[in-house]
Structure formats: structure tokens, C-alpha cells
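The values are calculated or read from the model by the stated rules, or taken from the named source; none is laboratory data. All values derive from a computational prediction rather than experimental measurement. A quick note on method: Cβ atoms are made from the backbone with ideal geometry, for glycine too, and the neighbour counts reach across all protein chains shown. Areas reflect the complete protein model, heavy atoms only, side chains present, ligands, DNA and RNA absent. Shrake-Rupley method; radii C 1.70, N 1.55, O 1.52, S 1.80 Å.
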Amino acid sequence: ELETRRMLALKQAGVSNVAIASRLGVTEGAIRKALKRGGYQAPIPQQIEIERATPSVAEAVPGTATNEPTAVLAVTPTTASEPRDGPEPIRESPHSGDVSMVESSATPVEQETAIPVGTTAVVPVTTGQADVLTGTDPWDRSMDRAFARVGLITEAQPEFGDCQDVAGLGVLLALPALLETGMLDIATKVYSGWAAAFYGVRTVFLCLALMALQRIKHPEQLRHHSPPDLGRVLGLDRAPEVKTLREKVASLAMQGRSEKFMRELAQRRATQRPDAMGFLYVDGHVRVYSGSTKLGKMHVTRMRLSMPATADHWVNDRDGDPLLVITATPTAALAKEMLPIAKEVRLVVGDRRVTIVFDRGGWSPKLFAELIGMGFDILTYRKGRIPKVRRSWFKPHKGKFDGRTVTYQLAERRVRFQYPGGVVALREVVRLSDDEEHQTSIVTSRADLSAVEVAYRMFERWRQENFFKYMEAEFAIDALWAYGTEQADPKRDVPNPERKEQERELRAARAEVVRLERLMGAAAADNDESQRPSMRGFKIANSALNQQLRAAREKAAKLRRHLREIPKRVTAREAANGKPVVRLKTDAKRLTDTVKSVAYQAETALFRMVRPHYSREDDEGRKLIASAMNLSGDIHVGAGELRITLAPAASPSRTRAIAKLCEELTATNTVYPGTRLRLSYTIREA
């Protein structure tokens with residue numbers, strides 16, 4: 001029904017059947033049949049008479065010079081049986097959306113003017129070719145915008161035309177990898193029911209992903225980029241600007257489906273790359289907050305400070321690529337958040353056996369037992385006081401993993417850890433450092449792995465740390481997309497703020513006791529035994545200091561007893577003390593983080609494709625891909641083909657590497673979403 005309404009609207013606007021068929025991607029015969037079924041009737045032709053205007057008439061028209069020839073257009077209703085004397089009437093052009101006027105013996109009309117039937121209008125006349133009322137420019141989307149305003153379309157379809165020197169056209173190199181992730185398919189399914197709009201779901205998500213790949217880290221940075229150039233990449237006349245894009249993301253966030261969107265993307269990735277799901281790395285990333293909302297403080301390791309912040313917990317696969325992000329959790333304690341994370345992972349990976357790798361922040365024997373009971377294996381560093389292993393127990397172990405050969409000095413033993421309610425038995429692998437001075441203890445529930453693989457998988461946590469550093473520098477994962485707060489769970493378990501104040505007072509009291517004891521000790525060392533040979537005499541001489549010490553000890557003991565009566569943790573409602581329990585808005589942040597993760601995955605896919613063709617791939621491989629994303633280029637539309645020709649890169653070696661990449665991407669036969677155009681990539685030689 002919607003397509004029929006669009007056909008009728010286009011036909012009434014004077015667009016030909018051929019143009020409508022081209023725009024909707026069907027045959028002309030299908031358009032004729034659909035219009036017939038929809039009850040369309042051709043309008044009665046109108047006769048347009050062109051006469052030479054008299055000078056007096058020309059003077060009456062505002063803005064018309066008396067010495068400029070004009071034409072009078074008299075529009076009168078006619079019927080099909082009436083004779084058509086004079087000029088040829090306006091007819092449909094065979095071009096898409098064209099309406100043209102056949103040139104008569106009179107001088108042609110300069111511009112299109114809306115003329116009611118039965119009236120006379122005067123327009124200037126110039127010499128030269130007749131003006132063609134045309135819509136053949138694929139970058140002119142005024143008609144689609146009009147349809148969006150009246151509710152006839154939910155998204156403008158991409159259309160391309162030939163153009164040169166399009167800035168940032170190289171970002172389309174990532175399109176095959178982006179489509180492989182399924183982001184657009186899943187987004188259109190999850191966020192179905194989008195209202196009438198020119199920029200629809202597919203356009204918004206594709207725009208966000210391409211922005212991330214072009215290193216447009218904040219929506220405000222769009223002000224420094226040309227909307228028409230960005231629009232060329234999207235197949236539109238112009239890309240959404242800052243306000244529009246923010247409104248679109250806010251509209252998506254209001255639907256509250258970002259968690260479902262992220263989960264379905266992760267499930268698809270787990271299906272595509274099951275070999276990378278055997279080991280999943282989990283770690284928290286602290287985002288510093290500098291706004292006006294009062295948030296709890298967290299320790300920021302990279303700054304070595306406690307600051308207002310929130311914690312995002314990321315799950316990365318064996319290769320370090322992102323899989324899930326649990327956004328804005330109420331506490332940075334990984335041990336507290338691990339069970340909800342594990343449940344989310346189980347929804348993604350299904351029943352397969354997975355080893356969760358994490359650092360000492362998740363140390364908890366009770367947690368280990370619960371994870372093992374859920375069907376997971378664990379791999380982590382041992383925490384606390386660790387008995388040293390004899391050096392004679394260490395033996396060299398050698399292995400090759402992911403194309404790398406590693407050798408460690410390792411020892412192994414069985415360990416048991418008690419917790420309230422049970423005991424968990426684990427395997428411990430200890431590595432001796434190269435200088436034989438430091439021992440690193442690793443515990444795991446995996447008995448089937450070799451000791452060298454246990455150590456290698458544990459030490460591969462550096463990939464996740466590097467991922468955080470790279471994503472913050474290149475994709476700005478700490479940036480906020482939505483400002484303000486939302487209602488948080490008032491029943492969640494949080495540290496008791498009252499206890500923090502008591503602990504502070506107790507520390508001060510203990511410090512005072514230590515200070516006075518130091519003074520008393522110094523007085524005892526300086527005591528003149530010839531004058532005060534007994535302890536009684538010493539105490540009498542230092543009675544004031546002794547009384548201060550006794551009072552300080554009593555105060556510390558009282559605070560210690562009072563602290564035992566205060567619970568360590570309370571509900572968020574109790575901690576708020578009557579104030580609203582809020583947190584930073586999470587849905588828009590989760591959505592944009594997920595899109596940035598997909599962009600990172602696409603970049604990684606291109607990096608792996610270009611590695612065999614670039615000698616400095618380890619040092620500059622990702623920089624090569626990032627620079628290729630910003631190459632300018634030309635667009636040419638052929639028969640079923642969208643040819644992308646990029647400008648040369650900064651050096652011949654980079655150009656050759658990108659040329660090989662273009663060949664492999666062209667071989668994928670990727671079709672630009674929303675069109676039937678197959679993408680073809682080339683790069684000009686320097």
C-alpha cells in the first residue's frame with residue numbers, strides 16, 4: 001500500500017513511468033499495472049499559450065525590465081477532443097522524473113512558474129536553449145525529502161552519480177567488512193517501526209560506523225566536514241548534521257533496544273568465528289566523569305587518582321576483538337559484576353565450553369565455584385600471599401601459538417581454596433622471570449591444557465589493555481553521546497557511605513595513638529634514672545602525655561567497636577539518604593559503543609587482508625588502514641557497478657598495498673546496501 005501511494009504521488013508530480021520504475025527498482029509494466037489497480041486516471045491536458053507581451057504588461061511585472069522581452073502564458077482548460085493549436089504542450093520526459101517543454105517558434109521560458117488554470121502570468125524570456133524542468137541529478141533529493149515530510153517514506157534510498165574528488169571516499173573500503181558483521185540487517189530488524197524520515201535506521205547506523213572509521217570522534221566534529229561530501233559516501237545529497245544525528249540517536253535510545261542489538265550482533269559474530277570464542281577476556285574500563293551529576297569515585301589506574309567515574313566491562317574474544325560491552329555498571333569491582341557478565345556471555349555463546357580470562361580484580365574462590373557450576377572454565381592470576389616455589393621445580397616449556405613461538409620457565413602444582421560454604425580445587429602454573437627473581441602465579445580450572453598454553457593465554461591479556469588504549473585514542477570510547485541521568489536500580493548493593501566516614505575517623509585516631517606512643521618512647525629513652533629510677537616516677541613525670549595516650553587509645557577502641565556495628569554494604573536507596581537514585585544514561589552510550597566495536601572489527605578485517613602485502617604491517621598496518629579511510633576519490637556509475645577510484649596514498653608501497661586490498665574487496669562482489677550496484681575498487685598509481 002505504501003509503495004502504491006508513492007507511485008501515485010510520483011505520477012501526480014509528473015514523473016514518468018520509466019523514472020518511477022527506476023527509482024523503485026521494478027519494471028515499467030509493473031508500474032502501469034499498479035497504477036491501474038490504484039485507480040490512477042491521467043489528468044486532462046492543459047493548453048499553454050505563449051504570446052508576446054506588450055511593453056505595458058512587461059512594466060507591470062515586478063523585477064522585469066521594460067527592454068527585456070517577455071512571454072504571456074495563458075492557461076485554459078481543454079478536453080481531449082479540442083484542437084491543439086499553437087505550441088506543443090508540456091509532456092513527460094523519458095528521463096527519470098523529468099518534465100520538459102518542447103521548444104516552439106516563440107522564445108522559450110526561463111523558469112518554471114506555478115500557474116493556476118484559467119489565469120495569465122508573465123515571465124521573462126531569454127534567448128538560448130529551452131529550460132528543462134529536470135530531476136535527473138542523482139544528488140538532488142528534494143523529492144525524497146518532500147515525501148518524507150508527508151509520511152510516504154521511512155528512509156531515502158541511496159542513489160549515486162558520477163563525481164570527482166570526493167573527500168573521504170576511501171572509507172567505503174570498509175563497507176564489505178561492515179556488511180559481513182550484519183550490523184545493518186540487525187539494526188533494521190531490531191529498530192523496526194521507524195517513523196517517516198529522510199534519514200532512516202540504515203542511514204543512521206552506516207553514518208555512525210563510517211564516522212568512527214574516519215576518526216570523527218564526536219558528533220560536533222561534523223561541523224568541520226562537508227555534509228555533501230559525507231552524503232556522497234552515503235548515496236545522498238548530504239549527510240545528517242550534528243543536531244539531526246543527535247536527535248536520531250536519542251530517538252533510537254528511547255526505544256531501549258541497544259542491549260538486544262548488541263546481543264544479536266555478538267551472537268552472529270560467535271557463529272561466524274566459533275574458533276575465537278574458546279577464550280574470552282573480561283576486564284573493566286573506568287570512564288572518568290567531569291559533569292555536574294554526583295557519582296561515586298573510582299580509582300583510575302592510568303591517572304593514579306580516585307575520581308568520579310563509571311565502569312564499563314568489556315568482553316573480548318581470543319584475538320582481542322570486542323564482543324560485548326556492559327555499560328555504566330554501578331561498581332568497578334569485577335568480582336561483583338562477573339556473574340551478570342557470565343550470564344550475558346552464555347546467551348551469546350550458547351552451550352559451548354568457554355574459558356573466561358580475567359585479572360586479580362575478579363579474585364574470589366566462591367565466584368570460581370559459581371562460574372564452574374555454570375559451565376565455564378576460569379583462568380586468572382593468584383591473589384594474596386603466595387608461597388614461593390623451589391627453583392629446582394622450574395623446567396623450560398616451549399610452544400607455538402598464533403604464529404608465535406614462546407618459551408617459559410614453569411612449575412606446576414595443585415591448590416585448594418576455601419570459601420564460606422565450600423572448597424574449590426584448581427591447578428596452579430607458576431612462571432619464573434628471566435632474572436629468576438620474580439614468580440608469577442596463575443590458577444585455572446583447565447586440566448587439559450599444557451602448562452605453556454595456560455601461561456600464554458594468561459599473558460595475552462595485554463591485547464585487551466592495548467584495545468582499551470587504542471579505542472580511547474582512535475574511537476573516543478570515553479566520550480558521552482547523551483547527557484543527563486536516568487533512574488537506577490535502588491535495590492542494588494553498594495558500599496555504605498556512612499562506614500567510609502567512620503573508617504576515616506578510625507585511621508586518624510590510630511595515627512594519633514602512634515604519634516603519642518612515639519613521644520612516650522622518646523621520653524623513656526631520655527629518662528634520667530638517677531632522678532626517676534622507677535616506672536612510677538617516670539609516669540608521674542609524664543602524666544600529661546600518658547593521659548593523652550590513654551584517651552587516644554580509648555577513642556580508637558570506641559570507634560573500632562562502632563565500626564563493627566555498621567554494615568559494609570547497603571542498598572542504593574539507603575545510601576542515597578532520600579535523594580533520587582540515578583545513573584548516567586546508558587542506552588545511547590551502549591548503542592554508540594557497539595557501533596564503534598563493529599567499526600573496529602571491520603578495520604581489523606581490512607588489517608588482516610592487507611598484512612601479506614605490506615612489509616611493515618606490525619608497526620604501521622592499522623595506520624595504513626586508517627589513512628586509507630580518508631583518501632579522496634572518484635565515483636563512477638556503470639551498468640550495475642559502482643566504481644570507486646581512490647587517489648594515490650602517501651607512498652608507492654602504501655599505494656601498492658591498498659591496490660591489492662582493492663582487488664580482494666572487489667572479488668567479494670559486495671552490493672551497496674539499498675541498491676543493485678556492485679562495488680568495484682581501484683586506486684590510481686602515483
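Residue ranges 552-559, 450-457 sort as 450-457, 552-559 when ordered by packing (mean number of other C-beta atoms within 10 Å per residue, highest first). Carbon-plus-sulfur accessible fraction, region 133-220 (probe radius 1.4 Å, protein heavy atoms only): 50%.
The alpha-carbon atoms of region 315-452 define a convex hull whose volume equals 140 cubic angstrom per residue. One Cα centroid belongs to region 414-446, the other to region 173-219; the line between them spans 45 Å. Counting every alpha-carbon pair across region 330-382, the share separated by more than 19 Å comes to 20%. Hey, what's the Kirkwood Rh for region 195-319 if you take every pair of different alpha carbons, in angstrom? Mean inverse Cα-Cα distance, inverted, gives 17.7 Å. Classified by the C-alpha gyration tensor, region 188-245 has a prolate form. Its axis ratio a/c, with a ≥ b ≥ c, is 1.5 or above, and a/b is larger than b/c.
Accessible surface computed residue by residue for region 321-397, with neighbouring protein chains in place and a 1.4 Å probe, gives 46 Å² per residue. Annotation: Trp363 carries an accessible surface of approximately 50 Å², with a 1.4 Å probe and no ligand, DNA or RNA atoms counted.
Of the peptides 213-219, 292-298, the order by per-residue mean of other Cβ atoms within 10 Å, starting with the highest, comes out as 213-219, 292-298. When the distances between all Cα atoms of region 550-686 are binned every 10 Å from zero, what whole-number percent does each bin get? Percent of pairs per bin, in order: 10, 24, 20, 10, 7, 10, 9, 7, 2, 0.
Would you mind pulling out the separation of the Cα centroids of region 568-601 and region 227-290, in Å? Centre-to-centre (Cα) distance: 17 Å.
Counting every C-alpha pair in region 392-434, the share spaced more than 11 angstrom apart comes to 71%. Put a dot 7 Å past the Cα of Arg569, heading toward its Cβ, do the same for Trp393, and the two dots end up 3.3 nm apart.
From the alpha carbon centroid of region 331-358 to that of region 638-652 is 44 Å.
The aspartates and glutamates within cross-link reach of Lys260, meaning a Cα-to-Cα straight distance under 14 Å and a gap of 8 or more places when in the same chain, are Asp185, Glu344, Asp587, Asp593.
Taking the accessible area of region 295-378, probe 1.4 Å, and keeping the other protein chains in place, the carbon and sulfur fraction comes to 54%.
Each semi-axis of the equivalent ellipsoid for region 468-523 is √(5λ) with λ an eigenvalue of the Cα gyration tensor; in descending order they amount to 45, 21, 8 Å. Surface exposure of region 429-506, expressed per residue as accessible area with a 1.4 Å probe, stands at 48 Å². Bridging of Lys36 to lysines at a Cα separation below 25 Å is possible for Lys11, once same-chain residues fewer than 8 apart are set aside.
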